[in-house]
Amino acid sequence: MKLAELAKELHITTDSFIKFIQDFDLELSECISTDFEVKEDFARFARENISFLKNYQKDLEQPKTVEDIAGNISQPADKVAEVIRKEKPAIYENGVYRSSVSSFGVDQKLGGDYNFVYNYFGKRMPLAKRDFIGYRDLFFYISKALDPFANENTTLTDWGIHRPAGIILYGPPGSGKIFWAHKIAQIIGYQFKEIKKYYLGTSFVDGNETSFNDFLLETMKQEKVVLFMDDFDNVMMERTATSSVNSCDEETKEIILHHIDRFEEEELLMVASANTLTGIDREILAPGRFDVVIPVFPPNVQERAEIILYYMTKDLSDEALLKQILEKNNADHLPFWNEISARMKVFSNTMLIDFTQSLKKRIRTQYLKDNSLDIDIKKHLQPALREASAKLTDEYFEQMSRFIKDISVNNYDDFATRIENLKQELQHYRIVEKPRQAIGFTHNSDSK
């Protein structure tokens, strides 16, 4: 059963279900699958607690002030305000909240007793068995953008909303844009196909001349394809008086613009990856073309800890030596990694993988030297962190600053908390110059 079907059965909106999962910090893998199939436990919970969920929805939709929420949950207004300010900084100053703020969600964060929710589900799914870690906000945001695929008939006939022809995933290098392109294909049930660099322009395959136009026409003949293109911001760069454009890239752009009106009819969705939206030709971003832009963030502090643990334990057998060493250090649980994760500000997914690889090599080297499982992992954290930090270059920081500018313009209201946290983490690396002392002798008047 799809989430939309459960929502229709219980007369509870899909958006309310999504907000409930986020408010109560429920693990996605315990609630729904990537293609929005509802898990058995979650469906049973919803049916047995329909009164609570209806009250949750009613509260969510009702306009309310800080004082209203404080009265509803019997909590001090200043504490309620602090939760809203932290969770929804973009709307805090508006005064009256609706649709995006739940009294129940605020109460839960202030220690309200909701054990009937958490006790209902089975054991927390191991990290290694999850579809992905964290990023619930991004997953649901992408799912909403893909709603015309899931509910094609109603979105088109009731609302006149067409399926997007193109989507741009933008974010700094190493943040997982190709991962999310694959997820998009899974969510809508399309096959994934990647445009290789050598497909662009004209090339020879088995002695026959072929072009990108030929490739695109052939792809459109196939059923339900997500066509992925990397380096989109460079290929689709706008030609100006100060910037030249590669003739091959210009030809690729013209071919895509020529065929893009047929993408929906041919069940083709083009998903592109870009480091930035700045400089992309405005014709490409026009309505009906690549008018859906989705930011892909570096992981936050909690997600970093989960990713580290995931890659430290990935592919290990039950009797693996590394697994035994992790267990001896209590490093097979998330709390062990929280401190080092907090120091990995603005680290990309790639940097986290580099860190785990470096750490595993260092642990193995010590094991081979001492032939003992009594290894203090904490001694190796700093050297591994230093090695992974090598990718924190000036260029990377500049890309991160540009990403923050892009998302602040295009998606601030959707990801305000992530953006503000990312700004703070990036600020950590900024060097404030000390005032320079004036050249020459210090006069008596200067020393006063």
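Since every read-out is calculated from the coordinates, none of them should be taken as a lab result. Not measured: the values here are computed from a predicted model. A quick note on method: Cβ atoms are made from the backbone with ideal geometry, for glycine too, and the neighbour counts reach across all protein chains shown.
Of the residues LEU28, LEU10, PHE45, the one whose Cα sits farthest toward the positive end of the charge dipole of the stretch 8-87, with +1 on the Cβ of Lys and Arg and -1 on the Cβ of Asp and Glu, is LEU10.
Using a simple charge model, +1 on the beta-carbon of Lys and Arg, -1 on the beta-carbon of Asp and Glu, nothing else, what dipole does the chain show about its Cα centre, in debye to the nearest 20?
1740
About its Cα centre, the stretch 136-295 has a charge dipole of approximately 560 debye under the convention of +1 per Lys or Arg Cβ and -1 per Asp or Glu Cβ, with nothing else charged.
Within the chain, which DSSP H helices have Cα atoms that stretch 20 Å or more along the helix axis and a mean Kyte-Doolittle hydropathy of at least -1.0? In the chain, the long hydrophobic H runs are 349-370, 394-410.
Which pairs, out of LYS39/LYS144; LYS144/LYS177; LYS345/LYS405; LYS197/LYS253; LYS86/LYS378; LYS2/LYS314, put more than 22 Å between their alpha-carbon atoms? Pairs exceeding 22 Å: LYS86/LYS378; LYS2/LYS314.
Where only DSSP H runs of four or more residues are counted, the chain gives -14500 deg cm²/dmol as its mean residue ellipticity at 222 nm, each run worth -39500 (n - 2.57). Proximity of backbone amide H atoms, modeled 1.01 Å from N, is registered between ILE167 and MET270, VAL271, ALA272 at under 5 Å, excluding neighbours fewer than 5 places apart on the same chain. Each of ARG282, ARG386, ARG362, ARG343 was scored by other Cβ atoms within 10 Å of its Cβ. Listed from fewest to most, they are ARG282, ARG386, ARG343, ARG362.
The spread of Cα positions in the chain, taken along each principal axis and listed from longest to shortest, comes to 73, 67, 67 Å.
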